[in-house]
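Novice: Below are the structure tokens for one structure; questions will follow.
The values are calculated or read from the model by the stated rules, or taken from the named source; none is laboratory data. Source: prediction; values computed, not measured. In this analysis, Cβ positions are derived from the backbone assuming ideal geometry, glycine residues included, and neighbour counts consider all displayed protein chains. The area values use the complete protein model at the heavy-atom level, side chains included, leaving out ligands, DNA and RNA. Shrake-Rupley method; radii C 1.70, N 1.55, O 1.52, S 1.80 Å.
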Amino acid sequence: MTMLAEWTYPVEAGKIAEFARAVGASVLDRVPPTFAMAVGAEAVERLLTSILPLDRKRAVHGEQAFDYHAPIRAGMTLRCRADLVSDVVKPVRAGGEMRVVTVGITHRDAASGAVVLGETMTIIEKAATPPHPNSPPQRGREVPGEPGQSPASVTFGPITRTDLVRYAGASGDFNPLHHDPDYARAAGLPDVMAHGMYSAGLVGAQVERWLGVGCMTRYAVRFRAPVWVGDRLLLMCDRTEAGDLTLTLRRGDGIVLSATAHLATKDR
């Protein structure tokens, strides 16, 4: 693998609290499951715009996975390294090419050198094919009615612009696709869309709300469709035969995010 960037990050209690509020997690000294997005925000921005680089108007977050090795807590300093796992250009059936880039990031405790977290992100630069002028982008339907909440389901939303601003500030992800309507429309979208990792953060925080902080050893998500301002979402959760979780975040009949959570078998 090719090293792309290295950086350090001091974990501050105030930043943990800010991020926890943004994704609806409990405010504790131990970080929420997707806190690494705040740790790597500035570095990932450099990767996307300067080092790789990718066209921000065509780049979408395809998949994200986290492997948890040890707790990250306030007062810890992380030493982080991003490596290029793969960079592939593929033809698209409708014409043109798309680029699929996978980056691995390792987070170590700067004091001990031990790995505390590994993450893998896949970014897709879509083919440069403008939408047909008579075919505006489609928005999914809201979840009908008021589904009953249970240990296996919960609803989020409606998603507001304030939610997106709060997450942008907490994570450091200021991609204008998530806050600038004019920029989003110029990219062929009907409006700003929610950060994929905002949705992933909601789901990860809910898993810990159900099963306890630090319950996961691995959390992996796939982004299936955009989430828009005004959407109401339904999270469904099932256990596999191995005892792990499969999760789907739905808008109406469509899935916007799917995920798997491998659960810890002992206290960590």
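Novice: Placing +1 on the Cβ of each Lys and Arg and -1 on the Cβ of each Asp and Glu in the stretch 19-76, which of S26, A36, I72 has its Cα farthest towards the positive end of the resulting dipole?
Specialist: Among S26, A36, I72, the one farthest towards the positive end of the dipole of the stretch 19-76 is S26.
Novice: Additional query: Could you give the length gained by full extension between A127 and V60, i.e. 0.36 nm per residue of separation minus their alpha carbon distance, to one decimal place?
Specialist: Contour length minus Cα-Cα distance gives 23.0 nm.
Novice: Mean residue ellipticity at 222 nm from the helices of the chain, using -39,500 (n - 2.57) per DSSP H segment of n ≥ 4 over the full residue count, to the nearest 500 deg cm²/dmol?
Specialist: -5500 deg cm²/dmol
Novice: Might you tell me the accessible area per residue for the chain, computed with a 1.4 Å probe and given in Å²?
Specialist: 48
Novice: Of the candidates L78, L189, L52, which one comes out as most mobile in a Gaussian network treatment of the chain with C-alpha springs shorter than 10 Å?
Specialist: Most flexible of the set in this elastic network: L52.
Novice: Still on this structure, please answer the following. Rounded to a whole number, what % of the accessible area of the chain do carbon and sulfur atoms account for, probe 1.4 Å?
Specialist: So the carbon and sulfur contribution to the accessible surface is 52 percent.
Novice: If you don't mind, there's one more thing I want to ask. Quick check: pseudo-label points 7 Å beyond the Cα along Cα→Cβ at T260 and T217, how many nm apart are they?
Specialist: Going by the 7 Å Cα→Cβ label model, 1.4 nm.
Novice: Which shape class applies to the stretch 1-77: rounded if a/c is under 1.5, otherwise prolate when a/b exceeds b/c and oblate if not, where a ≥ b ≥ c are the square roots of the Cα gyration tensor eigenvalues?
Specialist: Prolate shape, in that a/c is at least 1.5 and a/b is the bigger ratio.
Novice: What nm distance separates the two modelled labels at A111 and R46, each placed 7 Å from Cα along Cα→Cβ?
Specialist: Computed distance between label sites A111 and R46 equals 2.6 nm.
Novice: Here is a follow-up. Classify the chain from the C-alpha gyration tensor, please: rounded if a/c falls under 1.5, else prolate or oblate depending on whether a/b exceeds b/c.
Specialist: In terms of gyration-tensor shape, oblate.
Novice: Follow-up question, since we're still on this one. Dipole of the chain, Cα-centred, from +1 at each Lys and Arg C-beta and -1 at each Asp and Glu C-beta, to the nearest 20 debye?
Specialist: 240
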